[in-house]
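Student: Dropping the structure in here first, questions after.
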Amino acid sequence: MLSQKMQDIINEQIHRELYSAYLYQAMSAHFEFESWGGFAHWMHHQAEEEQEHAERFYKYMLDRGARVILKGIEQPPVEFGSALEIFQAAYEHEQYITASINAIYELAVAEKDYPTQEMLQWFIKEQVEEEKHASENVAMLERIGDRIHALMALDRQLAERS
Ligand code: FEO
């Protein structure tokens, strides 16, 4: 049985993952509105992955006989800046998510909760990938600056994410 503290922190994480999905979907909508189809596709894909992350935590809670409590999801921003600013925000958001997963892991270690430690291994690896992809996009956009043809080439490249 998960401790009450563990149930509370995982319920908060489910909320964070669902908010992440909402945030990336809002970024996707913005890019689509601005006719950056490749960036929109990349963010839409990211939003779908966040739903899957929430689902993993949700299923783990139910498998352990814990109570899932879904919280209200805040409205994400409507106005966004440049592509670089958006991807920087996504990278910062991923760093925040990594820190929150590390905090759950630290609690699992303190409580000698071995199943939760094992379940979190997947997320720890996933966050390495998430931060890597987000920071690569930021680095490319920094290099591109305002060269429109290079920006269009990156948009085409990110349209290929599957
Ligand atoms: Fe669910 Fe992007 O971390």
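Student: Work out how much length residue 102 to residue 74 would gain on full extension: take 0.36 nm times their residue separation and subtract the Cα-Cα distance, in nm to one decimal. The partial results should precede the final answer.
Tutor: Working: separation 28, 0.36 × 28 = 10.08 nm, distance 2.31 nm.
Value of the extension gain: 7.8 nm.
Student: A follow-up question, please. Which percent of the accessible heavy-atom area of the chain goes to carbon and sulfur, probe 1.4 angstrom? Please list the in-between numbers first.
Tutor: Details: 4810 of 9000 Å².
Carbon and sulfur: 53 percent of the exposed surface of the chain.
Student: Quote the charge dipole size of segment 109-148 about the Cα centre in Debye, to the nearest 20; the model charges only the Cβ of Lys and Arg (+1) and of Asp and Glu (-1). Working shown, then result.
Tutor: Numbers: 5 positive and 10 negative charges, 36 e Å.
Using Cβ point charges on Lys, Arg, Asp and Glu, segment 109-148 gives about 180 debye.
Student: Using only the alpha-carbon atoms, how far is helix 148-158 inclined from the longest principal axis of the chain? Give it as 0 to 90 degrees, nearest 10.
Tutor: Result, in degrees: 40.
Student: Counting alpha carbon pairs within less than 8 Å and at least 6 residues apart, what relative contact order, in whole percent, applies to the chain?
Tutor: Values: 159 pairs, mean separation 50.5, N = 162.
Relative CO of the chain lands at 31 percent.
Student: If I ignore ligands, DNA and RNA and count only protein heavy atoms, how much of residue 71 is accessible to a 1.4 Å probe, in Å² to the nearest 10?
Tutor: For residue 71, the solvent-accessible surface is approximately 90 Å².
Student: Further question: Any idea what angle helix 37-63 forms with the longest principal axis of the chain, computed on alpha-carbon atoms, 0 to 90 degrees, nearest 10?
Tutor: Roughly 0 degrees between the two axes.
Student: Let me ask something additional. For labels at residue 114 and residue 142 in the simple 7 Å Cα→Cβ model, what's the distance in nm?
Tutor: Output for this residue pair reads 4.3 nm.
Student: Mean residue ellipticity at 222 nm from the helices of the chain, using -39,500 (n - 2.57) per DSSP H segment of n ≥ 4 over the full residue count, to the nearest 500 deg cm²/dmol?
Tutor: Working: 5 runs with 127 residues, N = 162.
Helix-only estimate at 222 nm: -28000 deg cm²/dmol.
Student: Hey, another quick one. Name the residue from 101, 78, 35 whose Cα lies farthest towards the positive end of the charge dipole of segment 21-121, charges +1 on Cβ of Lys and Arg and -1 on Cβ of Asp and Glu.
Tutor: Of the options given, the answer is 101.
Student: How big is the charge dipole of segment 1-66 about its Cα centre, in debye rounded to the nearest 20, if each Lys and Arg gets +1 on its Cβ and each Asp and Glu gets -1 on its Cβ? Mind showing how you got there, number by number?
Tutor: Numbers: 5 positive and 11 negative charges, 65 e Å.
With only Lys, Arg, Asp and Glu charged at Cβ, the dipole is about 320 debye.
The values are calculated or read from the model by the stated rules, or taken from the named source; none is laboratory data. These figures come from a predicted structure and were not determined experimentally. As a convention, Cβ positions derive from the backbone with ideal geometry for all residues, glycine included, and neighbour counts pool all protein chains shown. Heads up: the accessible areas ignore ligands, DNA and RNA and are worked out on the full protein's heavy atoms, side chains in. Shrake-Rupley method; radii C 1.70, N 1.55, O 1.52, S 1.80 Å.
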